[in-house]
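Some notes on the structure that comes next.
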Amino acid sequence: MITSKTSFIALIGNPISHSLSPIIQNAALKYLGLDLIYIAIPCRNEDLKLLLNSLKTINCKGLNITIPFKEKVFDLCSEISPIANQLKAINTLKLNSMREWSATNTDVEGFIYPLKNLNLKNKQSIVLGSGGAARSVIQGLINLNFSTISVVSRNKKSLDGLINNFENQIKIQGLLNNDDQAQNFIKEADLIVNTTPVGMKKTTSETNELPYGEIFWRSLNEKTIVYDLIYNPAPTDLLKFSANKGCMTIDGLQMLIAQGMKSLSFWTDGLEVPFHIMDDALKNYLKKNDGNF
Ligand code: NAP
């Protein structure tokens, strides 16, 4: 029950009306029996500083930060974890004992979650896209001890930046999406991760939308695991196509839940909630809403 003693955690971003975080986090808070609720607060660029400073003074226990503020909040935090510094992105804040914001990033742990029980040491991987999520994915692949990472992108500038950032940690190379060499890498890949938004649900229905077009996927074979970060729809056209080829597939819902579990643990100084509590809440919500959110 919400009472005058109830505190809250908030998601700050813009737009956020389609976020699934309130569904999974409120289910988890209820399961843990905490007097806490999770809400979404849309914020304009020019209000970010005022909002974060104001939230320090009231009964707010923590925050999730999403697009477009994952980099902009750096200046408003007094403690930043090594992983958030490494990724140059923050997705979770909590108030420390001085009532200042302490920041971290749980996306890497979220990404790794569905992969951690597979033996992927010394395997070969491909990452599609070179934006913010690709950074977390590459860090996750490094942590899982992959032997090589090939990043395929349409954007040379962000691709070069990404390769520069990680080349002292792992054998990593960049390819533009129209480079024919990509076919050799796809043939040999143990894991391919899509971090582009291609395949995300739109208002207009396009069919069979695969990153870089169907021809790009002609060498895909059943030994490859295909992981799509997109969670709406789940599965995407890419995952349906890959499953038809006999590949193991992983959708973005598991990463969404796992990064949420890690954020909750950060806010509550180590409390854990079983994966199925958030997963059941999400599946029920999606079923009720016919997959539309
Ligand atoms: P981002 O920073 O905008 O990066 C997107 C990347 O995809 C960029 O390299 C972009 O290239 C490329 N791209 C965009 N449109 C493309 C197209 N039509 N064809 C080929 N490449 C294209 O976005 P992000 O934050 O990395 O997020 C990417 C996706 O991951 C989103 O769908 C997001 O929902 C999903 N995601 C899921 C989770 C989860 O928990 N499951 C977590 C994080 C992100 P340009 O620079 O040329 O545009």
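The values are calculated or read from the model by the stated rules, or taken from the named source; none is laboratory data. Here the structure is a predicted model, which means the values were calculated and not measured. When we count neighbours, we look across all protein chains shown, and the Cβ atoms used for this are built from the backbone with ideal geometry, even at glycine. Surface areas here come from the heavy atoms of the whole protein model, side chains and all, with no ligands, DNA or RNA. Shrake-Rupley method; radii C 1.70, N 1.55, O 1.52, S 1.80 Å.
Values for this structure:
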| quantity | calculated |
| --- | --- |
| All positions within region 87-111 that are buried (at least 21 other Cβ atoms within 10 Å of the Cβ) and within 14 Å of the ligand (Cβ to nearest atom) | LEU87, ALA89, ILE90, ASN91, THR92, ASN105, THR106, ASP107, VAL108, GLU109, GLY110, PHE111 |
| Which numbered condition LEU120 fails, given (1) open to solvent by less than 40 Å² (accessible area, probe 1.4 Å); (2) in contact with an Asp or Glu (Cβ under 9 Å, 6 or more places away or on another chain); (3) within 16 Å of the ligand (Cβ to nearest atom) | (3) |
| Matching residues in region 214-243 - criterion: being within 11 Å of the ligand (Cβ to nearest atom) and either at pLDDT 95 or above or surrounded by 22 or more Cβ atoms within 10 Å (Cβ to Cβ) (or both) | PHE216, TYR227, ASP228, LEU229, ILE230, THR236 |
| So LYS157, is it assigned to a loop (DSSP other than H, G, I, E, B), charged (D, E, K, R) and open to solvent by 50 Å² or more (accessible area, probe 1.4 Å) | no |
| Subset of region 125-145 [more than 9 Å from the ligand (Cβ to nearest atom) and under 19 Å from the mean Cα position of the chain (by Cα)] | SER125, ILE126, VAL127, ILE138, GLN139, GLY140, LEU141, ILE142, ASN143, LEU144 |
| From the options GLY270, GLY246, residue that is more than 11 Å from the ligand (Cβ to nearest atom), open to solvent by 20 Å² or more (accessible area, probe 1.4 Å), in the same structural domain as SER21 (by TED's automatic domain parsing) and on the phi > 0 side of the Ramachandran plot | GLY270 |
| Subset of region 1-52 that is assigned to a helix (DSSP H, G or I) and in contact with a strand residue (DSSP E or B) (Cβ under 6 Å, 6 or more places away or on another chain) - its residue that is most open to solvent (accessible area, probe 1.4 Å) | ASN26 |
| Total residues in region 66-86, condition within 11 Å of the ligand (Cβ to nearest atom) and basic (Lys, Arg) | 1 |
